[in-house]
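One structure below.
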Amino acid sequence: MSTHVVATAGHVDHGKSTLVRALTGMEPDRYAEERRRGMTLDLGFAWTRIGDESVAFVDVPGHERFVTTMLAGVGPVPAVLMVVAADEGWMPQSGEHLAALDAFGVRHGLLVVTRSDLMEPELAVEEARRRLAGSALGDVPAVTVSGRTGEGLDSLREALSALVRQLPEPDPTAPVRFWVDRAFTVRGAGTVVTGTLAEGTLAVDGEIVLGDRRIGIRGLESLGEPVGRARGISRVAVNLRGIGVDAVGRGDALCTPDAWPAVSEVDGRVHGDPAELPREPMLHIGSAAIAVRVRPLADDLVRLRLARPLPLRIGDRVVLRDPGARRVSGLTVLDVRPPELRRRGAARTRAADLASATGVPSAADELRRRGVAQESELVAMGVPAPAVAAVEAVRGGGWLLDPARVPALVETLVRAVADSDPLDPGVPVEAARRLLALPHPALVTALPSALVLRDGRLRRPGDADLPAALRTALDTLRADLAGTPFAAPDAERLAALGLGPRELARLARAGELLLVADGIVLLPDAEEQAVAVLAHLPEVFTLSEARAALHTTRRVAVPLLELLARHRHTTRTADGRHHLRRPR
């Protein structure tokens with residue numbers, strides 16, 4: 001059995017709640033005050049079975065003072081019943097509700113003309129259909145009913161059944177963004193929130209996040225029954241673990257962990273006349289309503305700065321409302337990680353970059369605009385994971401690099417390697433990463449260049465490991481140490497060989513020498529040889545005994561023993577002698 005959610009919309013006292021009661025047999029109005037006054041003040045909820053489908057209704061208030069509440073009700077819902085009374089026809093609030101639905105981009109609905117027992121409905125139907133035709137709803141089916149007599153309800157049920165069958169099937173594997181429209185406490189259970197689950201799946205004992213706070217799910221209820229799992233689209237009550245009712249409320253979003261970026265700035269395209277936008281409208285999405293500041297970029301493109309972060313993705317449709325003038329505009333989010341606009345003319349440049357953006361997330365387009373992007377970040381922004389996996393890019397460390405940037409980066413890197421010190425040719429990978437302003441060293445090594453990676457440095461293939469003069473000096477030094485491996489050459493001998501600090505450091509990095517201390521070098525295997533020699537001494541020995549066994553001077557023996565201690569070959573005893581760790 002499928003579950004669907006439909007919202008009501010229309011002018012105050014046109015029979016929305018009466019219609020829901022007639023369809024479901026349930027009372028959608030939550031408060032006695034609502035029932036006494038005959039008007040909905042807050043969101044109401046009811047549900048019924050129509051054929052094989054379960055249909056839940058979000059009954060919204062029609063009074064102009066409660067437009068914010070109305071927007072919270074229709075925001076997460078894919079279909080609407082546009083309700084118009086036959087005896088009054090199209091009214092101002094009908095138009096404001098339609099403008100909001102159009103701004104949200106709602107494309108599925110029914111026109112329901114109520115009170116057909118009080119007046120012939122033809123004129124109301126004709127006018128309403130003319131108004132709807134210019135909106136995103138377009139030419140929708142029309143049904144005439146009387147909530148008092150029940151006339152037309154069977155036709156309405158048939159039309160509802162056809163409507164919900166044509167609604168797009170939500171993805172049960174999609175990340176959850178659950179907009180809270182009510183929060184309350186239940187004795188013995190704790191905090192409970194309700195909302196419309198648009199897509200994805202919630203499960204008992206699962207986790208969701210509110211901002212940066214992880215929250216457990218203690219229980220779930222849908223259509224009045226406890227469930228172990230709830231999938232979109234459906235009305236759901238969620239019993240939360242470990243959070244008080246004062247910490248969550250209408251306008252908050254409970255999300256799949258690590259799946260939604262919390263953003264404070266977005267770039268988007270306005271649907272309608274951008275000149276009519278106030279500088280500080282209210283932004284509505286889901287059940288959220290927050291203040292934003294508008295910065296025009298060019299034509300129909302704007303940047304929004306949000307009063308608080310919201311989980312948004314590329315392609316989200318939001319409503320911008322001017323509370324004073326009662327005007328609404330729709331906006332499609334084009335970028336949730338926009339660049340800073342610091343330089344003169346940056347807004348025009350940004351607008352040109354977004355001119356072809358459609359709001360449909362594209363891995364290639366996002367990578368082209370950003371130059372470099374993290375794979376997981378692109379998915380969180382709304383790009384489908386298969387598209388991210390398939391996009392043409394240089395990849396490394398979870399990052400993607402736009403192929404169009406590669407030639408210039410390779411040219412810069414090759415030039416830096418060519419200009420490197422002949423004594424120590426090449427560029428360390430980390431230095432290359434900083435030079436190219438790339439976020440991860442794996443992108444550097446993934447660049448398609450003729451360079452080779454050796455000893456942590458990028459080099460030209462023809463670069464010799466060691467210059468000829470340095471190789472000659474090394475051969476001489478090896479000959480000096482061949483018979484007395486611990487008789488490190490003194491400064492005079494090193495100078496005669498042309499081995500200064502830079503040359504010695506180069507040979508040590510290449511693994512050709514062991515740099516024991518400043519100015520004291522031995523062959524690379526001197527450490528292992530020293531351990532082997534010292535193994536013939538008593539288990540605990542003095543510096544003098546070690547010096548004699550190694551046939552070296554105190555100048556060499558002291559730093560050599562310190563090196564052995566750092567590498568945990570020896571330890572010092574309380575009386576200052578040395579203890580050799582022997583293999584067991």
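Read-outs: derived from the displayed coordinates by stated rules, not from any lab. This is a predicted model, so every value here is computed, not measured. Because the Cβ atoms are built from the backbone with ideal geometry, glycine has one as well, and the counts that use them run over all protein chains shown.
Take every pair of alpha-carbon atoms less than 8 Å apart whose residues are at least six positions apart; their mean separation over the length of the range 436-584 yields a relative contact order of 16 percent.
Listed from fewest to most Cβ neighbours within 10 Å, the set 45, 57, 541 follows the order 541, 45, 57. Available extension along the chain between residue 475 and residue 348 is 39.3 nm, counting 0.36 nm per residue and deducting the alpha carbon span. Considering helices alone, the calculated mean residue ellipticity of the chain at 222 nm is -8500 deg cm²/dmol, with DSSP H runs of length four and up weighted by -39500 (n - 2.57) and normalised per residue.
Scalar couplings 3J(HN,Hα) for the range 141-148, obtained by applying the Karplus form with A = 6.51, B = -1.76, C = 1.60 to θ = phi - 60°, are x, 10, 10, 10, 9, 10, x, 6 Hz; x denotes Gly and Pro. Helix 92-104 axis versus longest C-alpha principal axis of the chain: approximately 30°, rounded to the nearest ten.
For percent of Cα pairs over 42 Å apart, computed directly from the structure shown, the correct entry in (1) 19; (2) 47; (3) 23 is (2).
Ranked by how many other Cβ atoms sit within 10 Å of their own Cβ, fewest first, the residues 503, 120, 158 fall in the order 120, 158, 503. By the count of neighbouring beta-carbon atoms within 10 Å, fewest first, 88, 375 end up ordered 88, 375. Between the listed residues 401, 535, 47, the Cα displaced farthest toward the positive end of the dipole of the chain, a dipole computed from Cβ unit charges relative to the Cα centre, is found at 535.
Taking amide H atoms as placed 1.01 Å from N in the peptide plane, the amide H of residue 84 lies under 5 Å from those of 112, 113, 114, each 5 or more residues away in sequence or on another chain.
The value given for the range 110-227 is a Kirkwood hydrodynamic radius of 18.1 Å, derived from the mean inverse Cα-Cα separation. Take each peptide in 99-107, 202-210, count the other Cβ atoms within 10 Å of every residue, and average; sorted highest first, the result is 99-107, 202-210.
Taking Cα atoms, how many degrees apart are the long axis of helix 153-165 and the longest axis of the chain, rounded to 10 and kept between 0 and 90? On a 0 to 90 degree scale, this one is about 20. With θ taken as phi - 60° and the Karplus curve 6.51 cos²θ - 1.76 cosθ + 1.60 applied, the whole-hertz 3J(HN,Hα) list for the range 404-416 is 5, 8, 5, x, 5, 5, 4, 4, 4, 5, 4, 5, 5 Hz, x standing for glycine and proline.
In the chain, Cα pairs under 8 Å separated by at least six residues give a relative contact order of 8 percent.
Evaluate the relative contact order of the range 480-555 (contact order divided by residue number), counting alpha-carbon pairs under 8 angstrom at least 6 apart; express in whole percent.
Working: 61 pairs, mean separation 23.9, N = 76.
Value for the range 480-555: 31 percent.
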